[in-house]
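Engineer: I'd like to ask you about the structure that follows.
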Amino acid sequence: MAALTSPGDDSPARTVLVTGGGRGIGAGITRELVARGRLVACGYRDSREATEKLRAETPEQVLPVHYDLGDHASANSAVREVLARWGRLDALILNAGTWTGGRLSTLDPLAWWRIIELNLGGAAALVRAALPAMRGSDDPSIVVVSSVIGLIGHAGDTAYASAKAALIGFARSLAKETGRDRFRVNVLAPGFVDTDMTAQVPGRARDGIAQSTVLGRFGTVPEIARAAVFLSEDATYCTGSVLTADGGWSL
Ligand SMILES: NC(=O)c1ccc[n+]([C@@H]2O[C@H](COP(=O)([O-])OP(=O)(O)OC[C@H]3O[C@@H](n4cnc5c(N)ncnc54)[C@H](OP(=O)(O)O)[C@@H]3O)[C@@H](O)[C@H]2O)c1
């Protein structure tokens, strides 16, 4: 097990809440943080079993906490659980997200709004719940996982792209609101990564994306996880930044 530490010193271990931390990109982020000796509260909605398995690998460092983007009360209870267990909260990595495809002309308006509400409203609710606890940290940091689709757009993804673009405005405004309290708020905009979320993308569309990607391949979970953790704790003079980790898809 890695020594439980904060970056650059031997003060109590840095504590990070990762939403959707039990599977996909979130599980990669959890593993990267654990390897650095951090304490990680892993938010889950459906993946309780997968999250418990992650905890079993390093029980002192991982705490599964129930958190549902659509249930704002769960944001408060997740923060309370972290404080009850570790007494501090230094960083949030807002990774949980949900996708529904469909062109504007065909997607049901309620389904369209639901994507915005979950991805944007869920992130805002957790930040609101966590800000007071994070003020005690030496380096309070928030990373918002957006998507390169929020920057460049994508046909058939108007709801998801709108939510991910809105998260960028949210993060940059929050950076301005909280900077004098030493908060850093940054955005990660990944390109295409093979996870459950992208499993339904048909072969022809995948080939098109690979061809549009300068590096000619998709990203991997560990690559995206390292970029998220870089923003969370290494990028100490970055706030309001948007880091694309997309293999050049957006170029
Ligand atoms: N994969 C890509 O190509 C790609 C590209 C750009 C950006 N992203 C973004 O990266 C993030 C992670 O995506 P992924 O590819 O790892 O997707 P994934 O494999 O589908 O995982 C989604 C994660 O979000 C959580 N989640 C979904 N709905 C939730 C809800 N209502 N409440 C709480 N948690 C919820 C899930 O937790 P449970 O299983 O516990 O419900 C799961 O951990 C998302 O924000 C996604 O938009 C992904």
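The values are calculated or read from the model by the stated rules, or taken from the named source; none is laboratory data. In this text the structure is predicted, and so the values were computed from the model without any measurement. Cβ placement follows ideal geometry from the backbone for every residue including glycine, while neighbour counts extend to all protein chains displayed. The area values use the complete protein model at the heavy-atom level, side chains included, leaving out ligands, DNA and RNA. Shrake-Rupley method; radii C 1.70, N 1.55, O 1.52, S 1.80 Å.
Engineer: For the subset of region 200-235 comprising residues that are of a type in the set (Ser, Thr, Tyr) and under 18 Å from the mean Cα position of the chain (by Cα), which member is most open to solvent (accessible area, probe 1.4 Å)? Full working, then the answer.
Structural biologist: In the first step, residues of region 200-235 are kept if they are of a type in the set (Ser, Thr, Tyr); the result is 212-213, 220, 232.
Those still in the list that are under 18 Å from the mean Cα position of the chain (by Cα) too: 220, 232.
Details: THR220: 60, SER232: 0 Å².
If we take residues in region 200-235 being of a type in the set (Ser, Thr, Tyr) and under 18 Å from the mean Cα position of the chain (by Cα), then THR220 is most open to solvent (accessible area, probe 1.4 Å).
Engineer: On to the next question. Looking at region 121-174 only, could you name the residues that are within 19 Å of the chain's Cα centre (by Cα), in a loop (DSSP other than H, G, I, E, B) and either among the aliphatic types (A, V, I, L, M) or crowded, with 19+ Cβ neighbours inside 10 Å (or both)?
Structural biologist: Result: PRO140, SER146, SER147, VAL148.
Engineer: Yes or no: LEU110 buried (at least 19 other Cβ atoms within 10 Å of the Cβ) and either within 12 Å of the ligand (Cβ to nearest atom) or assigned to a helix (DSSP H, G or I) (or both)?
Structural biologist: Numbers: buried (at least 19 other Cβ atoms within 10 Å of the Cβ): no; either within 12 Å of the ligand (Cβ to nearest atom) or assigned to a helix (DSSP H, G or I) (or both): yes.
Criteria not met by LEU110.
Engineer: May I ask you to list the residues in region 175-194 that are surrounded by 19 or more Cβ atoms within 10 Å (Cβ to Cβ) and either within 12 Å of the ligand (Cβ to nearest atom) or modelled with pLDDT under 95 (or both)?
Structural biologist: Start the filter on region 175-194 by keeping residues that are surrounded by 19 or more Cβ atoms within 10 Å (Cβ to Cβ), which leaves 175, 178, 183-193.
Answer for region 175-194, where residues must be surrounded by 19 or more Cβ atoms within 10 Å (Cβ to Cβ) and either within 12 Å of the ligand (Cβ to nearest atom) or modelled with pLDDT under 95 (or both): VAL187, LEU188, ALA189, PRO190, GLY191, PHE192, VAL193.
Engineer: Quick check on ILE93: is it in contact (Cβ under 8 Å) with a residue 24 or more places away in the chain, part of a strand (DSSP E or B), under 28 Å from GLY156 (Cβ atoms) and open to solvent by less than 30 Å² (accessible area, probe 1.4 Å)? Step through it out loud before you land on a result.
Structural biologist: On the way: in contact (Cβ under 8 Å) with a residue 24 or more places away in the chain: yes; part of a strand (DSSP E or B): yes; under 28 Å from GLY156 (Cβ atoms): yes; open to solvent by less than 30 Å² (accessible area, probe 1.4 Å): yes.
Yes; evaluated as a whole, the condition is true for this residue.
Engineer: A further question on this structure: Taking the stated definitions as given, is HIS72 more than 23 Å from LEU243 (Cα to Cα), touching a strand residue (DSSP E or B) at 6+ places or on another chain (Cβ under 9 Å) and not aromatic (Phe, Trp, Tyr)? Before you say what the answer is, go through the steps one by one.
Structural biologist: Working: more than 23 Å from LEU243 (Cα to Cα): yes; touching a strand residue (DSSP E or B) at 6+ places or on another chain (Cβ under 9 Å): no; not aromatic (Phe, Trp, Tyr): yes.
No: the conditions fail for HIS72.
Engineer: Could I ask something else about it? Here are ARG80, ARG38, ARG55: which of them is without any contact (Cβ under 8 Å) to a residue 12 or more places away in the chain, open to solvent by 10 Å² or more (accessible area, probe 1.4 Å), more than 16 Å from the chain's Cα centre (by Cα) and under 17 Å from THR15 (Cα atoms)?
Structural biologist: Working: ARG38 fails: without any contact (Cβ under 8 Å) to a residue 12 or more places away in the chain; ARG55 fails: without any contact (Cβ under 8 Å) to a residue 12 or more places away in the chain.
After ruling out the rest, the residue left standing is ARG80.
Engineer: Scan region 181-201 and report the pairs whose first residue is without any contact (Cβ under 8 Å) to a residue 60 or more places away in the chain and whose second residue is near the ligand (Cβ under 6 Å from one of its atoms) and not β-branched (Val, Ile, Thr), with Cβ atoms within less than 7 Å and a gap of 6+ or a chain change.
Structural biologist: THR198/PHE192
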